[in-house]
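Undergrad: Take a look at the following structure, please.
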Amino acid sequence: MKPYSLTHRLIITVLLIELLAALSISTAAMLYERHQRFRSFDIMLRGRADSLLGAVQDAEDTQDNVMLDGTEVNLPAEDIYQVQDASGRVLGHSPNWKGPDEGLMAAKPGKFLRVHVNGIRYRALRIEGLRIVDPGDKGGGIPRRVSIFYGSPIDGVWRDIWRAVGFYAATSLTLLAVSGWLIFWLLNRGLSPLRELAAEAAGVSVDSWKFAPPQRARMVRELAPLTLALETVLARLERSFVQQRQFVGDAAHELKTAVAVLKSSLQLLTLKQRTALEYEQGIERCQMDCDRMEEAVAKMLTLARVETTTALPSSSFATDLAQILRQVAEQFESMAELKRLRILVSAEDAVMVDIEAEQLQLLCSNLLLNALQHSPAGSAIRAAVRQDGELAIEDDGDGIAPEDLPHVFDRFYRGDPSRSRNTGGTGLGLSICKAIVSRRQGTIEITSELGVGTRVVVHLPLSGVPSASVKVAVRN
């Protein structure tokens, strides 16, 4: 499909509508003018015929005939007429016509006719009248019937009609031209906020995310939603690009650090001849570094999978939160025993929540593992499930510093880097939890106190509850 201009289409559409309106007005004007002018013309025609009837006088002869008194006739020279009595005797006629044929003289009285005489169009009518000869005589006089045929040319009438129609048409075309220019000007002026908005949006690129929509676009009611949508979309895209760049940079830094540590360990082994025990210990350290690097890569892939996989808005799940928590706690029992920790689970009744079982298991695993890694030996980790879909995990660890609390969900963030090698943390566990929670349209929140411990509370939507009303909260 070829590109087109919305402005031009609107202007052409409006002009076509106005042109049709102008043609309709001109046609209506022509019909109205024709009706009115011929109505006046017919009245004039009948009046002239009546005046001609008034010119019929007593002939003052022995037969008591009537005659047409020429001195009483004052009619236009271009008109045609003929007067005759009941016997058919012609009493008089106009100089430019010898009279109609018998068919016309036999036409119904009062009916208007169209005739052509010498190439000229006439509108004519036939009337009958009664004249009384010697009205003073005994018996009231002698009646004489007279038949009059009278016509007048209509070319002048049609000229007046078309002159009026031409005036209406010229006026309509003038108004059409003026309105077309006004519409073009108004549309260009009205669409200028849209063009400014498009120009501003066109300046956005991967390297420049600056988008300042013009104030005029915000003030236009039809453009305000589009402006807001563009701002929202571009802000999300910018955040996604920033997160992507940050993720790539952080991942490269973490992997580079891990590779550097591994390389240093290997170089240290080759600096001098060592005993078999020293080689064995060095290789074990290298193996630990490889395991830590493998864990970081696995978690990066997990985070990427969680963030890129989106459930359909209509998807609904029914997963037993209590059962998943018990299963995950059993998996970590051996690890807890090695660290001389206890996991106390309070999750007896089934609580069905609207989340995938795999994602819920990953969420519980990361939260419990995070608590195990930061809990001192001999302490207990308490995990409980409530009927409203709340999961609470609490430990008695060292807690999180207030300045670190806002960043605990950032990727690769570790409040105390010196502990990462001992605890095995990658700084991605809570980021994965945040992604899982946000994926179900929730929020996350953390509370912690140094020297007291950390508490995590996750509030998941119950199965069957619309996701729009779901709130997810995490507290450490």
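The values are calculated or read from the model by the stated rules, or taken from the named source; none is laboratory data. Keep in mind it's a predicted model, so treat the numbers as computed, not measured. Note that each Cβ is placed from the backbone with ideal geometry, even for glycine, and that neighbours are counted across all protein chains shown. SASA here: full protein model, heavy atoms, side chains in, ligands and nucleic acids out. Shrake-Rupley method; radii C 1.70, N 1.55, O 1.52, S 1.80 Å.
Undergrad: If we sort 390-403, 8-21 on the protection proxy, mean other Cβ atoms within 10 Å, highest first, what's the order?
TA: 390-403, 8-21
Undergrad: Let me know the charge dipole size of the range 63-193 about its Cα centre in debye, to the nearest 20, where only the beta-carbon of Lys, Arg (+1) and Asp, Glu (-1) is charged.
TA: That gives a dipole near 600 debye.
Undergrad: Right, next: Put +1 on the Cβ of every Lys and Arg and -1 on every Asp and Glu Cβ in the chain; which of PHE112, VAL452, GLY70 then has its Cα farthest towards the positive end of the dipole?
TA: Of PHE112, VAL452, GLY70, it is GLY70.
Undergrad: Give, rounded to the nearest 20 debye, the magnitude of the charge dipole that the range 1-74 has about its Cα centre when Lys and Arg contribute +1 at Cβ and Asp and Glu contribute -1 at Cβ.
TA: About 1340 debye.
Undergrad: On a 0 to 90° scale, report how tilted helix 224-270 is relative to the longest principal axis of the chain, with both axes built from alpha carbons and the result rounded to the nearest 10.
TA: With rounding to tens, the tilt is 20 degrees.
Undergrad: While we're on this one: Going by average Cβ density within 10 Å per residue, which order do the peptides 171-180, 449-458 take, highest to lowest?
TA: 449-458, 171-180
Undergrad: Evaluate the charge dipole of the chain about its Cα centre and quote only its size in Debye, nearest 20, assuming +1 on the Cβ of each Lys and Arg and -1 on the Cβ of each Asp and Glu.
TA: Dipole of the chain, to the nearest 20 debye: 960 debye.
Undergrad: When only the heavy atoms of the protein chains count and the probe is 1.4 Å, how do ASP79, ASP61, ASP404 rank by accessible area, highest first?
TA: Correct descending sequence by accessible area is ASP61, ASP404, ASP79.
Undergrad: Further question on the same structure: To the nearest 10 degrees, how steeply does helix 429-439 sit against the main Cα axis of the chain, on a 0 to 90 scale?
TA: Its long axis makes an angle of about 20 degrees.
Undergrad: Which lysines, if any, have their Cα less than 23 Å from the Cα of LYS2, not counting same-chain residues under 8 positions apart?
TA: Leaving aside lysines fewer than 8 places away in the same chain, none come within reach of LYS2.
Undergrad: Continuing with the same structure: Which value at 222 nm does the chain reach when only helices count, each DSSP H run of 4 or more adding -39,500 (n - 2.57), with the total divided by all residues and rounded to the nearest 500 deg cm²/dmol?
TA: The per-residue figure over the chain is -17000 deg cm²/dmol.
Undergrad: For the peptides 430-439, 317-326, what is the packing order when you average, over each peptide's residues, the other Cβ atoms within 10 Å and list the highest mean first?
TA: 430-439, 317-326
Undergrad: Lysines within cross-link reach of LYS272: Cα-Cα under 16 Å, excluding same-chain residues under 8 positions apart?
TA: LYS263
Undergrad: On to the next question. Using a 1.4 angstrom probe, figure out how much accessible area the chain has per residue, in square angstrom, rounded to the nearest whole.
TA: 59 Å²
Undergrad: State the answer as a single residue: which of LEU325, LEU191, SER463 lies farthest towards the positive end of the charge dipole of the chain, with beta carbon charges of +1 for Lys and Arg and -1 for Asp and Glu, about the Cα centre.
TA: Ranked along the dipole, the leading option is LEU191.
Undergrad: Of all the accessible heavy-atom surface of the chain, with the other protein chains kept in place and a 1.4 Å probe, what percent is carbon and sulfur?
TA: That fraction is 57 percent.
Undergrad: To the nearest 10 degrees, how steeply does helix 276-308 sit against the main Cα axis of the chain, on a 0 to 90 scale?
TA: Taking Cα atoms only, the helix is inclined about 20 degrees.
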